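The values are calculated or read from the model by the stated rules, or taken from the named source; none is laboratory data. All values reported here derive from a predicted model rather than from experimental measurement. Positions of Cβ are backbone-derived with ideal geometry, glycine not excepted, and every protein chain shown enters the neighbour counts. When the accessible area is computed, the model is the full protein with side chains, heavy atoms only, and any ligands, DNA or RNA have been set aside. Shrake-Rupley method; radii C 1.70, N 1.55, O 1.52, S 1.80 Å.
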There are 2 protein chains.
Amino acid sequence: MPQIDFWYEFASTYSYPAAMRIEAAAKARGVEVRWRPFLLGPIFFDQGWRDSPFNIYPAKGRYMWRDLERICAALDLPFARPDPFPQNGLTAARLALALDEARRPAFTRAVYAAQFGERRQIAEQETLAAILAALQLDPDAHFARASSDDIKARLKEQTDEAKRVGIFGAPAFVAAGGELFWGNDRLEAALDWAAKRG
Amino acid sequence: MPQIDFWYEFASTYSYPAAMRIEAAAKARGVEVRWRPFLLGPIFFDQGWRDSPFNIYPAKGRYMWRDLERICAALDLPFARPDPFPQNGLTAARLALALDEARRPAFTRAVYAAQFGERRQIAEQETLAAILAALQLDPDAHFARASSDDIKARLKEQTDEAKRVGIFGAPAFVAAGGELFWGNDRLEAALDWAAKRG
């Protein structure tokens, strides 16, 4: 079965619609999705950015919020602009990585829905604990695992790998042979590529 | 008839596929296109950039060239990466603005095709003269008009207006009510918006 790597950062705005629709779109094409959380912060840092480019470049930021609102309306996804933006997605990313691959997608979608659909604070342990509990996952056990040295090191490796394969923003999709696609609006092209070329 | 403003900069890579396909896509939806050349340079300058962001951020630049190659292949458009990049599109923009609106689309497409399809130097008068001549337009008369104070001032006004309506990159599409769409990949959404909301 052809595979695609779905690289996402929890604070990334356009990763929200991508996360909500990738499973159905991939299934329709017979493509298997590997969910790969990573951190954009270190990659932006290398580009000289100490904040989201949507905050650094206000015209681009204003446009992005309007564009995202339109995209969510077209997909019938709830939308509420997070405040503050960007949210710190470090703990969410560690939790996602600590989960086994079968549980990662549902947790990931729940975090995006909380952040961009309900304006909840995903940097707060309380928010994440409620999400875990709703998924029948024990919050304490998962927080403990997420803060282990093993998971910290694995998230760092993920981010290093993202950089190595040429990722500079999120969401990103990588098909066989390292073919890279960037952005929610490239989801279909990426999946078509994967379906055709394995 | 609903209208859309198509804002383009001659050096802009993604403006190439947009320019080549907007007329058919707009016609299919009963939307009239106003072709509006402008300069990104002054807008990028305000954002602190003294070069194309695709040169300033190499990972983004590498991705863009590959992405553009894929897009052109899917559209059956010839593609040849310009060298140097970005090309100086000032004279081309002045010429486009100096032409009447009926002739501007064909000239614009010819400049993009020369630059991104045949790797010709659009900053050179020779290239532009050949394009004008192929369109049965007298090169000398058009160069004279393009370098007039009137046209210089009009191009500056276009660029000021682009900034005022929130444009930060090209191509951009503006529908009634100032609704802004950015990028070749938003062409259909922009035209659908214009067709539905006038």
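What accessible area, in Å² to the nearest ten, does a 1.4 Å probe give for B:VAL165?
Surface accessible to solvent at B:VAL165 totals approximately 50 Å².
With every protein chain present, what is the per residue accessible area of the protein assembly as shown (1.4 Å probe, Å²)?
44
Along Cα→Cβ at 7 Å, what distances in nm separate the A:ASP192 label point from those on the other copies, shortest first?
For A:ASP192, the other copies' label points sit at 1.5 nm, shortest first.
May I ask you to list the trypsin sites (Lys or Arg not before Pro) in segment A:1-72 that are in a DSSP loop and have at most 11 other Cβ atoms within 10 Å of their Cβ? Write down the numbers at each step before the final one.
Working: sites: A:ARG21, A:LYS27, A:ARG29, A:ARG34, A:ARG50, A:LYS60, A:ARG62, A:ARG66, A:ARG70; in loops: A:ARG50.
Passing both the DSSP loop test and the Cβ count: A:ARG50.
Would you list A:ASP185, A:ASP5 from the most to the least accessible area, probe 1.4 Å?
Listed by decreasing accessible area, they come as A:ASP185, A:ASP5.
Run the label-point distances for A:GLU101 please: 7 Å along Cα to Cβ, every other copy, nanometres, shortest first.
Here A:GLU101 shows inter-copy label distances of 5.6 nm.
In nm to one decimal, list the spacings between the A:SER147 label point and its equivalents in the other copies, with label points set 7 Å along Cα to Cβ, shortest first.
Those separations, rounded to one decimal, come out as 7.1 nm.
Relative contact order of segment A:1-140, please, whole-number percent, based on alpha carbon pairs below 8 angstrom and at least 6 residues apart.
Values: 157 pairs, mean separation 36.8, N = 140.
For segment A:1-140, the relative contact order is 26 percent.
Could you put B:PHE85, B:PHE181 in order of accessible surface area, largest first, with the 1.4 Å probe and the full protein assembly present?
Sorted by accessible area, descending: B:PHE85, B:PHE181.
Between A:LYS27 and B:SER148, with labels modelled 7 Å along Cα→Cβ, what's the label distance in nm to one decimal, could you check?
It works out to 6.3 nm between the two label points.
Pairs on different chains or at least eight residues apart, Cα atoms closer than 26 Å: how many lysine pairs in chain A fit?
4
Could you give the radius of gyration (one decimal) and Dmax (whole number) of the Cα atoms in chain A, in Å?
Over chain A's Cα set, Rg and Dmax evaluate to 16.0, 43 Å.
In the full protein assembly as shown, how much of B:LYS152 is accessible to a 1.4 Å probe, in Å² to the nearest 10?
Estimated to the nearest 10 Å², B:LYS152 gives 80 Å².
Roughly how crowded by other chains is peptide A:58-67, in terms of the mean Cβ count from those chains within 10 Å of each of its Cβ atoms?
So the per-residue partner count for this stretch is 4.
Which value, in debye to the nearest 20, describes the size of the charge dipole of segment B:9-168 about its Cα centre when Lys and Arg Cβ atoms bear +1, Asp and Glu Cβ atoms bear -1, and nothing else is charged? Before the final figure, lay out each step's value.
Working: 23 positive and 21 negative charges, 101 e Å.
Dipole of segment B:9-168, to the nearest 20 debye: 480 debye.
Thinking of segment B:22-97 as a set of Cα atoms, what percent of all their pairs are more than 21 Å apart? Don't jump to the answer; show the numbers that get you there.
Details: 1421 of 2850 pairs.
Summing the P(r) of segment B:22-97 above 21 Å gives 50 percent of all pairs.
Hey, which residue of B has the C-beta nearest the axis mapping B onto A, and what's the distance in Å?
Closest Cβ to the B-to-A rotation axis, residue and whole-Å distance: B:ASP185, 2.
Tabulate in residue order the Karplus-calculated ³J(HN,Hα) for segment B:76-82, using 6.51 cos²θ - 1.76 cosθ + 1.60 with θ = phi - 60°, rounded to whole Hz; enter x for Gly and Pro.
Residue by residue, segment B:76-82 yields 6, 9, x, 9, 9, 5, x Hz.
Select from A:ALA26, A:ALA92, A:ALA133 the residue whose mean-square fluctuation is largest in a Gaussian network model of chain A (Cα-Cα springs shorter than 10 Å).
Taking springs between Cα atoms under 10 Å, the residue moving most is A:ALA133.
May I ask you to evaluate 6.51 cos²θ - 1.76 cosθ + 1.60, the Karplus curve with θ = phi - 60°, for each residue of segment B:182-191 and list the ³J(HN,Hα) values in order in whole Hz, giving x for glycine and proline?
10, x, 3, 6, 9, 4, 5, 4, 5, 5
Could you work out the Rg to Rh ratio of the protein assembly as shown, with Rh taken as the Kirkwood radius (inverse of the mean 1/r over all Cα pairs)?
We get a ratio of 1.01 for the protein assembly as shown.
Could you report the accessible area of B:TYR14 in Å², rounded to 10, computed with a 1.4 Å probe on the protein chains as they sit in the structure?
Counting only protein heavy atoms, the figure is 40 Å².
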